[in-house]
1. Have a look at Glu135, Glu128 and point out the one that is outside any strand (DSSP E or B) and either over 17 Å from the mean Cα position of the chain (by Cα) or more than 22 Å from Gly90 (Cβ to Cβ) (or both).
2. Does Asp15 count as within 29 Å of Glu185 (Cβ to Cβ), touching an Asp or Glu at 6+ places or on another chain (Cβ under 8 Å), surrounded by 15 or more Cβ atoms within 10 Å (Cβ to Cβ) and modelled with pLDDT of 95 or more?
3. Just one of Arg166, Arg112 is closer than 13 Å to Ser88 by Cα, of a type in the set (D, E, K, R) and more than 14 Å from ligand 1 (Cβ to nearest atom); which is it?
4. Is it the case that the range 142-150 has a residue that's open to solvent by less than 30 Å² (accessible area, probe 1.4 Å), within 14 Å of ligand 2 (Cβ to nearest atom), at pLDDT 95 or above and assigned to a loop (DSSP other than H, G, I, E, B)?
5. Only one of these is open to solvent by 50 Å² or more (accessible area, probe 1.4 Å) and β-branched (Val, Ile, Thr): Val99, Val132, Val122. Name it.
6. What is the number of the single condition among (1) on the phi > 0 side of the Ramachandran plot; (2) in contact with a Ser or Thr (Cβ under 9 Å, 6 or more places away or on another chain) that Gly146 does not meet?
7. Can you tell me which residue within the range 38-79, out of those that are touching a residue at least 24 places away in the same chain (Cβ under 8 Å), open to solvent by 40 Å² or more (accessible area, probe 1.4 Å) and of a type in the set (A, V, I, L, M), is farthest from Ala110 (Cα to Cα)?
Amino acid sequence: MQVVVDWDGTVTEVDGLHLVLLEFGDEQIYDEAEKHLGRELTLNGVIAMEFETVRAPLAEVVAWVRENVRVRPGFSAFARKRRPLIVSSGFHELIEPIVEREGLELDVVANRLDPRPDGWRVRFRSHEPCSVCGEPCKRADIASLGEFVYVGDGVSDRCVALTAARVFARDGLASHLASRNVPFEPFSDFYDVERALATRC
Ligand SMILES: [Mg+2]
Ligand SMILES: [Zn+2]
């Protein structure tokens, strides 16, 4: 079965977008934007607002990300075996250098950046609201897949996880699904996910 993975906080140990904003962006705007998430602002609205505070050259940020963003244990071996599709609310420009650093070649569905010196702009892959959650959502990205396994951790995974045949969740996604009695399997690294898939597939 096709495996679909979120990127930040799922493949990466720590949310890389958050790390980039702490290092290169405006922390106050970050705190402010996160408070409005799910209320006055959509997820894309929050991402756009946060990244407009980043003005560093893209090459500098990519070098920093390659140096500082680590992937969860077991991911490289898992990726070689399962060839997961990466579906992210982040950016091709910051994901692909890490995939490459790990010696992997994987398909990535994500947004793109226009890294202007007066503040980065985000070029979202879709503005089409999902009929279930009302925002542009990862459901649209997996619409042609058929049955899939989903691995995720956060807000951007909530809606799409409900359509997966099997869900591995950690952190906020795990508590969200638990509070709604949606079944999922907890994981802390990709050895856990591989072990579970190998025993019951
Ligand atoms: Mg995430
Ligand atoms: Zn949705």
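The values are calculated or read from the model by the stated rules, or taken from the named source; none is laboratory data. The model shown is predicted, which means the values in this text are computed figures rather than measured ones. Cβ: placed from backbone, ideal geometry, glycine included. Neighbour counts: every protein chain shown. Side chains are part of the model used for accessible areas, which takes the heavy atoms of the whole protein and leaves out ligands, DNA and RNA. Shrake-Rupley method; radii C 1.70, N 1.55, O 1.52, S 1.80 Å.
1. Being outside any strand (DSSP E or B) and either over 17 Å from the mean Cα position of the chain (by Cα) or more than 22 Å from Gly90 (Cβ to Cβ) (or both) holds for just one of Glu135, Glu128, which is Glu128.
2. No.
3. Arg112 is the lone residue from the list that is closer than 13 Å to Ser88 by Cα, of a type in the set (D, E, K, R) and more than 14 Å from ligand 1 (Cβ to nearest atom).
4. no
5. Val132
6. Of (1) on the phi > 0 side of the Ramachandran plot; (2) in contact with a Ser or Thr (Cβ under 9 Å, 6 or more places away or on another chain), only one is false for Gly146: (2).
7. Here the answer is Ala77.
Condition check ((1) surrounded by 18 or more Cβ atoms within 10 Å (Cβ to Cβ); (2) more than 16 Å from ligand 2 (Cβ to nearest atom)) across all residues:
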site	(1), (2)
Val5	yes, yes
Ile29	no, yes
Val87	yes, no
Gly90	yes, yes
